[in-house]
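Worksheet: the structure to be examined is printed underneath.
The values are calculated or read from the model by the stated rules, or taken from the named source; none is laboratory data. These numbers come from a predicted model, not from an experiment. Heads up, the Cβs are rebuilt from the backbone with ideal geometry, glycines too, and the neighbour counts pull from every protein chain shown. Surface accessibility is based on the protein's heavy atoms, side chains included, excluding ligands, DNA and RNA. Shrake-Rupley method; radii C 1.70, N 1.55, O 1.52, S 1.80 Å.
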Amino acid sequence: MLTLESACRNPERHRVLTGDRPTGPLHLGHYFGTLQNRVRLQDAGVELFLVIADYQVLTDRDVADRPAVHAENLVLDYLAAGIDPERATVFTHSSVPALNQLLLPFLSLVSVAELGRNPTVKDEIAHSRQAAVSGLMFTYPVHQAADILFCKPDLVPVGQDQLPHLEVTRTIARRFNDRYRTDLFPEPQALLSPAPLLAGTDGGKMSKSRGNAIPLGATEDETARLIRAATTDADRRIGYDPERRPQVSGLLRLAALCQDRDPHAVAEDIGSGGAARLKAAVTEAVNEHLRPLRARRTALAADRGHLRQVLRAGSERANAVADTTLAEVRAAMGSV
Ligand code: TRP
């Protein structure tokens with residue numbers, strides 16, 4: 001299993017692709033779970049592709065809400081966090097038509113039974129807000145294989161929930177190579193985030209849809225309000241005990257990540273100060289840590305034209321790579 005550290009040690013040996021659905025602002029869970037690691041890889045010199053998976057938004061809803069605005073806001077969060085558009089290629093799926101052309105041959109390499117068995121798709125169907133399950137829901141892991149394999153990355157940083165999709169991607173790469181007697185596609189490996197899931201303000205996994213997330217772009221006052229509303233418990237003595245006190249421990253871990261300290265040490269500082277002191281300390285830690293990021297974000301937000309330009313340039317680079325791969329695929333298949 002490859003680690004972030006070993007990938008950073010040999011940057012020239014790696015190419016990384018990962019991405020997000022443009023459904024809303026990124027929050028601290030994204031930041032500590034993946035965004036920071038992407039920036040580390042980039043700064044170590046690893047080539048980085050970031051796909052804004054706008055077509056994927058249509059898997060569990062009929063119409064995507066303002067996709068262009070959400071895509072630009074993702075770029076805003078990326079750049080504020082340290083993604084450098086001169087070094088990383090940031091693009092939307094819908095702006096690279098060759099990705100959808102790769103979908104057809106890739107679909108021919110998987111069976112309907114395999115598509116139906118995907119646990120992440122099953123889970124999304126269970127939580128979908130649609131009355132009927134669309135064909136896109138079943139096939140989107142294959143779609144995702146195309147938005148990964150087009151640039152032939154060897155590493156895909158993802159969370160646990162994406163592992164079944166990466167398995168589909170590896171299967172497709174292998175079967176394409178076998179069927180057409182080529183070595184066109186590498187089998188990319190997952191790069192799992194070393195940080196375990198970050199808890200939201202209710203102690204559960206931080207996620208926008210659960211309403212327990214702290215957005216990167218929140219103001220300091222909004223951050224204070226969100227943390228003040230967090231669930232805690234009645235024990236005034238603050239201690240780190242994720243099993244028995246998940247909410248208090250989630251807050252301690254958040255402060256600890258921001259200050260690069262041990263959560264036990266954070267708890268000791270607060271001692272018997274109770275929930276109010278805990279929340280004040282966490283707010284301070286989060287706001288302090290995010291201050292430079294938020295300052296950059298505010299400056300970048302003033303120039304929407306620049307965000308669009310970043311997407312245009314990224315899309316141009318991604319199109320050039322995808323067109324080359326599509327030509328290689330057509331040649332391997334003997335198409336005219
Ligand atoms: N499916 C991912 C999610 O829901 C987003 C995504 C799209 C992605 N394409 C990707 C992630 C390629 C990693 C690699 O978060």
Checklist line | Karplus-derived 3J(HN,Hα), 6.51/-1.76/1.60, for each residue of the range 317-330, Hz, glycine and proline x | finding: 5, 5, 4, 4, 5, 5, 5, 5, 5, 4, 4, 5, 5, 4
Margin query: Positive end of the dipole of the chain, charges at C-beta (+1 Lys, Arg; -1 Asp, Glu), about the Cα centre: which of Leu17, Pro246, Ala229 has its Cα farthest in that direction?
Written below: Ala229
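Would you mind computing Rg(Cα) / (2.2 N^0.38 Å) for the chain, counting N as its residues?
1.06
Among the GluC sites (Glu not before Pro) in the range 42-92, which ones are in a DSSP loop with at most 13 other Cβ atoms within 10 Å of the Cβ? Mind listing them? Display every interim value, and only then the final one.
Values: sites: Glu47, Glu72, Glu86; in loops: Glu86.
Loop-located and lightly packed - Glu86.
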Next item on the list: Once you have the Cα-Cα distance between Glu222 and Leu197, take 0.36 nm times their residue separation minus that, and quote the gain in nm to one decimal.
Entry: 6.7 nm
Item checked: Charge dipole of the range 211-336 about the Cα centre (unit charges at C-beta), most positive-ward option of Ala299, Thr324, Ala213 -> Ala299
Notebook entry, point to check: Straight-line reach from Lys152: which lysines have a Cα under 28 Å away, not including same-chain ones fewer than 8 places off?
Noted result: Lys122
Check: With the chain treated as a Gaussian network of Cα nodes joined by springs under 10 Å, which of Asp147, Asp54, Asp43 yields the largest mean-square fluctuation?
Finding: Asp43
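About the Cα centre, and with charges only on the beta carbon of Lys, Arg (+1) and Asp, Glu (-1), how big is the dipole of the range 263-336? Nearest 20 debye, please. It would help to have the intermediate numbers written out before the result.
Working: 11 positive and 8 negative charges, 71 e Å.
Roughly 340 debye, rounded to the nearest 20.
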Next item on the list: Obtain the radius of gyration and the Kirkwood radius of the range 84-160 from its C-alpha atoms and give Rg over Rh.
Entry: 1.00
Checklist line | Surrounding net charge for Leu50, when Lys and Arg each add one and Asp and Glu each subtract one, Cβ distance under 13 Å | finding: -1
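For the chain, with only Lys/Arg (+1) and Asp/Glu (-1) charged at the beta-carbon, what is the dipole magnitude about the Cα centre, in debye rounded to 20? Mind showing how you got there, number by number?
Details: 40 positive and 41 negative charges, 48 e Å.
Here the size comes out at about 220 debye.
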Margin query: Given points 7 Å out from each Cα along the Cα-Cβ axis, report the Asn100 to Thr324 separation in nanometres with one decimal.
Written below: 2.4
Item checked: Set of the range 197-211 residues, backbone N closer than 18 Å to the point 7 Å along the Cα-Cβ line of Asp65 -> 207-211
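Counting only other residues whose beta carbon sits under 13 Å from that of Leu300, what net charge do I get with K and R as +1, D and E as -1? Provide the component values of the computation, followed by the final result.
Numbers: positive: Arg294, Arg296, Arg297, Arg304, Arg308; negative: Glu72, Asp77, Asp84, Asp303.
The answer is +1.
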Margin query: Straight-line reach from Lys279: which lysines fall under 27 Å, measuring Cα to Cα and dropping same-chain residues less than 8 apart?
Written below: Lys205, Lys208
Next item on the list: Using just the alpha carbons, could you tell me how many Å³ per residue the convex hull of the range 279-336 encloses?
Entry: 137
Checklist line | the range 1-107: trypsin sites (Lys or Arg not before Pro) in DSSP loop, at most 16 other beta carbons within 10 Å | finding: Arg61, Arg87
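Take the Cβ-Cβ distance between Ser134 and Ala229 as r, set R0 to 41 Å, and report the resulting FRET efficiency rounded to the nearest 0.05.
Working: r = 36 Å, r/R0 = 0.88.
The pair Ser134/Ala229 has a calculated efficiency of 0.70.
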Checklist line | Test item: Cα-centred dipole of the range 171-256, Lys/Arg +1 and Asp/Glu -1 on Cβ, debye | finding: 240
Note to self: At 1.4 Å probe size, with the rest of the protein present, what percent of the exposed accessible area of the chain is carbon and sulfur atoms?
What the structure shows: 52
Check: Thinking of the range 109-245 as a set of Cα atoms, what percent of all their pairs are more than 28 Å apart?
Finding: 40
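How do the peptides 165-175, 130-140 rank, highest first, by the average count of neighbouring beta carbon atoms within 10 Å per residue? Intermediate results must be reported in sequence, preceding the final value.
Numbers: 165-175: 20.0, 130-140: 14.2.
With the highest mean Cβ count within 10 Å placed first, the list reads 165-175, 130-140.
Taking R0 as 35 Å, what's the FRET efficiency between Arg244 and Arg296 from their Cβ-Cβ distance, rounded to 0.05?
Values: r = 39 Å, r/R0 = 1.12.
Efficiency, from the Cβ-Cβ distance: 0.35.
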Checklist line | Extreme residue, positive dipole direction of the chain, given options Ala44, His70, Thr34 (C-beta unit charges) | finding: His70
Next item on the list: Output the relative contact order of the chain, whole-number percent, from Cα pairs under 8 angstrom with separation of 6+ residues.
Entry: 22
Check: Once the other residues with Cβ under 14 Å from the Cβ of Leu198 are scored (Lys, Arg +1; Asp, Glu -1), what is the net sum?
Finding: +3
